[in-house]
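To keep things clear, I will list the structure first and then write my remarks on it.
Nothing in this text is a laboratory measurement; each read-out follows from the coordinates by a stated rule. This one's a predicted model, so the numbers in the text were calculated from it and none came from an experiment. We place every Cβ from the backbone using ideal geometry, glycine too, and count neighbours over all the protein chains shown.
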Amino acid sequence: MGNTARVNELRAQLKSAGGDVSGRHVRTAWSLQAFAIFVTFAFLAVSLVPPGLGSPAYANAPAQSGAGQTLAVEGEYANTTGRDAFTISEPEPEPVAVVLSAPAAGVPDPGSAQAVAYAIVQSMGMGESEYNCLVSLWNRESGWNVYAHNESSGAYGIPQALPGEKMASAGADWATNAATQITWGLSYISGRYGTPCGAWAYSEEHGWY
């Protein structure tokens, strides 16, 4: 018997028994409910998985940071700075006083104002070079004249004190005594310039002291 004849015979038997011979798939009542439950569980499972799960991990990936380098020193101090943020400040150099030497004055004449000055300079512990500077300085100022008077400024005496009355602190005979004027003059130089050579260097630069 051919296949077609066999199929027709089975359909006839099924039809006589009251069955469906249309060949369509008939769903059972519970199949739709089972399918709906399955879809619901699948959706929930996908929703509960963390976003990063399953992503590849890179164990050797370097950590990136925007912070600069940190320099830690002993104690509680820490300085955070960028790569080239260090600034080194050099200290200001100390001014160097330039002291000029003066031509040799030679041995002063006994009893002269310069001889008095030479003796006082030695008693103050200063050397020959300081005496030479003093001679050059007061040669320029007054020519070692006890009565030298600058009419334009009012300066007076060997050291050209301004005003001349200042020399009264060294003696009441300040207007006529060379020793009194020299004593005051060296005191003034010591307080303002340190030494006669310091005063001479200033005079060389400015024309006065």
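Values for this structure:
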quantity: FRET E, pair SER123, SER153, Förster distance 45 Å, beta-carbon r, rounded to 0.05; calculated: 0.90
quantity: Full-stretch length increase - SER169, ARG140 - with 0.36 nm per residue and alpha-carbon distance subtracted; calculated: 8.0 nm
quantity: Relative exposure of TYR147, TYR131, judged by other C-beta atoms within 10 Å (fewest first); calculated: TYR147, TYR131
quantity: Likely footprinting exposure, HIS206, HIS149, fewest C-beta neighbours within 10 Å first; calculated: HIS206, HIS149
quantity: Under 5 Å, built H, 5+ apart or other chain: amide partners of ALA161; calculated: TYR156
quantity: Residues LEU134, LEU162, LEU186, sorted so that the one with the fewest Cβ neighbours within 10 Å comes first; calculated: LEU162, LEU186, LEU134
quantity: Label-to-label distance, nm, for residues given as THR176 and ALA115 (7 Å Cα→Cβ offset); calculated: 2.1 nm
